[in-house]
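One structure is given below, encoded as structure tokens.
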Amino acid sequence: MTAALDIAGLTKSFGEKVAVDHVELTVPQGSFYGLVGQNGAGKTTTLSMAVGLLRPDGGSARIFGADVWADPSGAKRLVGVLPDGLAMPERLTGREVLTYLGLLRGLEKDVVAARAEELLSVLELDGAEKTLVVEYSTGMRKKIGLATALLHGPKLLVLDEPFEAVDPVSAATIKTILRGFVASGGSIVLSSHVMALVEQLCDHVAVIDGGRVAAAGPLKEVRGDATLEDRFVELVGSATTGTKGLSWL
């Protein structure tokens, strides 16, 4: 079976800093795959290269067999992306954003209208019909970003920190949508540094440390008999090990 996402030898440097160092990763079809690591570990850079947002110095990425750089149109038809710090046309309403992006992707006008209506309703954004995106809360921005990623009916979702700064109610809604997407045959790659969230949602996980894959595979195999957090600390090292407390506390 063709992998939903196949990353082979991806490498990226910024000056003398190696951000991603020959990353190898295979995301099976139908999996909910968690990518975990400390801030600055290379998660965002890896995903940006994997979906065509950042050109790698070396290596390749394929989405259901379509090479992201040799066949960008074919690959991008298959993937929906929610990048960290997503930029939006902020002087439009949520419906206008979906309409604009849907037509830009070449979808028929009536298809865009029907999907936008359903997405706004399911993601509980229909109550903000006249609100511009610039006035959206963080949770609302994450949800409209997810809506744009789902609009064209992708087979793979790549989500970079989709729950960061999101309130519990919005988070619950997003989790329900994502579980439904996987249950219906979709595949998801989710980047996070929150271990409990990944354990709750994902069936596969990869630990990124210093731009390299420290461990990858089914969640139960990677964490073993420990929690994912304990296994993560074991793999990447604890920043607090051997440190002293503050002198005045």
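Could you tell me the center-to-center distance, by alpha carbons, between the range 170-249 and the range 24-52 in angstrom?
12 Å
Sticking with the crude label model, points 7 Å out along Cα→Cβ, report the distance from residue 184 to residue 103 in nm, one decimal please.
Once both label points are built, they end up 2.5 nm from each other.
Report the residue, chosen from 154, 168, 72, that carries the largest GNM mean-square fluctuation when the chain is represented by alpha-carbon nodes joined by springs under 10 Å.
Top of the fluctuation ranking is 168.
Given 17/175; 155/220; 43/220; 43/155, which pairs have Cα atoms separated by over 29 Å?
Numbers: 17/175 35 Å; 155/220 25 Å; 43/220 21 Å; 43/155 21 Å.
Violating the 29 Å limit, Cα to Cα: 17/175.
What part of the accessible area of the chain, given as a whole %, is carbon or sulfur when the probe is 1.4 angstrom?
Answer for the chain: carbon and sulfur cover 52 percent of the accessible area.
Past the 23 angstrom mark, what percentage of all C-alpha to C-alpha distances in the range 53-152 do you count?
Values: 1554 of 4950 pairs.
So the pairs more than 23 Å apart make up 31 percent of the total in the range 53-152.
Give, in nm to one decimal, the length gained when the segment between residue 57 and residue 225 is fully stretched (0.36 nm per residue of separation minus the Cα-Cα distance). It would help to have the intermediate numbers written out before the result.
Working: separation 168, 0.36 × 168 = 60.48 nm, distance 3.77 nm.
Between residue 57 and residue 225, full extension yields 56.7 nm more.
Computed FRET efficiency, Cβ-Cβ of residue 212 and residue 29, R0 22 Å: what is it to the nearest 0.05?
Working: r = 25 Å, r/R0 = 1.13.
Efficiency, from the Cβ-Cβ distance: 0.30.
Ignoring ligands, DNA and RNA, what accessible area per residue does the chain give at 1.4 Å, in Å²? Write out the running numbers ahead of the final one.
Working: 12280 Å² over 249 residues.
Value for the chain: 49 Å² per residue.
Can you list the equivalent-ellipsoid semi-axes of the range 140-249, largest first and in whole Å, using the square root of 5 times each Cα gyration tensor eigenvalue? Walk me through the intermediate numbers first.
Numbers: eigenvalues 178, 69, 29 Å².
Taking √(5λ) for each eigenvalue gives 30, 19, 12 Å, largest first.
Within the range 23-132, report the GluC sites (Glu not before Pro) that DSSP leaves as loop and that have at most 11 other Cβ atoms within 10 Å.
Numbers: sites: 24, 90, 96, 108, 117, 118, 124, 129; in loops: 90, 108, 124, 129.
Sites meeting the loop and neighbour criteria: 108, 129.
Can you compute the modelled spin-label distance between residue 8 and residue 130, with each label point 7 Å from Cα toward Cβ, in nm?
Each label point is offset 7 Å from its Cα along the Cβ direction, giving 5.5 nm.
Tell me the Kirkwood radius of the range 1-100: reciprocal of the mean inverse pair distance over distinct alpha-carbon atoms, in Å. Please list the in-between numbers first.
Working: mean 1/r = 0.0676 Å⁻¹.
Taking every pair of different Cα atoms in the range 1-100, averaging 1/r and inverting gives 14.8 Å.
Where is the GNM fluctuation largest for the chain (alpha-carbon springs, 10 angstrom cutoff): 17, 143, 76?
17
Tell me, what is the Rg over Rh of the chain, with Rh the Kirkwood radius over Cα pairs?
Taking Rg over the Kirkwood Rh, I get 0.99.
Select from 170, 228, 15 the residue farthest towards the positive end of the dipole of the chain; place +1 on Cβ of Lys and Arg, -1 on Cβ of Asp and Glu, and compute about the Cα centre.
The listed residue farthest towards the positive side: 15.
Calculate, in nm to one decimal, what residue 122 and residue 176 gain on full extension: separation in residues at 0.36 nm each, minus their alpha carbon distance. List each step's numbers first, then the result.
Working: separation 54, 0.36 × 54 = 19.44 nm, distance 0.99 nm.
Gain in length upon complete extension: 18.4 nm.
Select from 60, 187, 170 the residue whose mean-square fluctuation is largest in a Gaussian network model of the chain (Cα-Cα springs shorter than 10 Å).
Maximum among the listed residues: 170.
For the range 102-178, just the Cα set please: Rg and Dmax, both in angstrom.
12.5, 35
Relative to the Cα centre, what is the charge dipole magnitude of the chain, using +1 at the beta carbon of each Lys and Arg, -1 at the beta carbon of each Asp and Glu, and rounding to the nearest 20 debye? Working shown, then result.
Working: 24 positive and 30 negative charges, 60 e Å.
For the chain, the charge dipole is close to 280 debye.
Per residue of the chain, what 222 nm ellipticity follows from adding -39500 (n - 2.57) for every DSSP H run with n ≥ 4, rounded to the nearest 500? Provide the component values of the computation, followed by the final result.
Numbers: 9 runs with 88 residues, N = 249.
One gets -10500 deg cm²/dmol as the mean residue ellipticity at 222 nm.
Among DSSP bridges having both ends in the chain, what percentage is antiparallel? Round to the nearest 5. Don't jump to the answer; show the numbers that get you there.
Working: 21 of 39 bridges.
Roughly 55 percent of the beta bridges in the chain run antiparallel, per DSSP.
The values are calculated or read from the model by the stated rules, or taken from the named source; none is laboratory data. These figures come from a predicted structure and were not determined experimentally. Don't worry about glycine lacking a Cβ; one is built from the backbone with ideal geometry, like all the others, and counts go over all protein chains shown. Side chains are part of the model used for accessible areas, which takes the heavy atoms of the whole protein and leaves out ligands, DNA and RNA. Shrake-Rupley method; radii C 1.70, N 1.55, O 1.52, S 1.80 Å.
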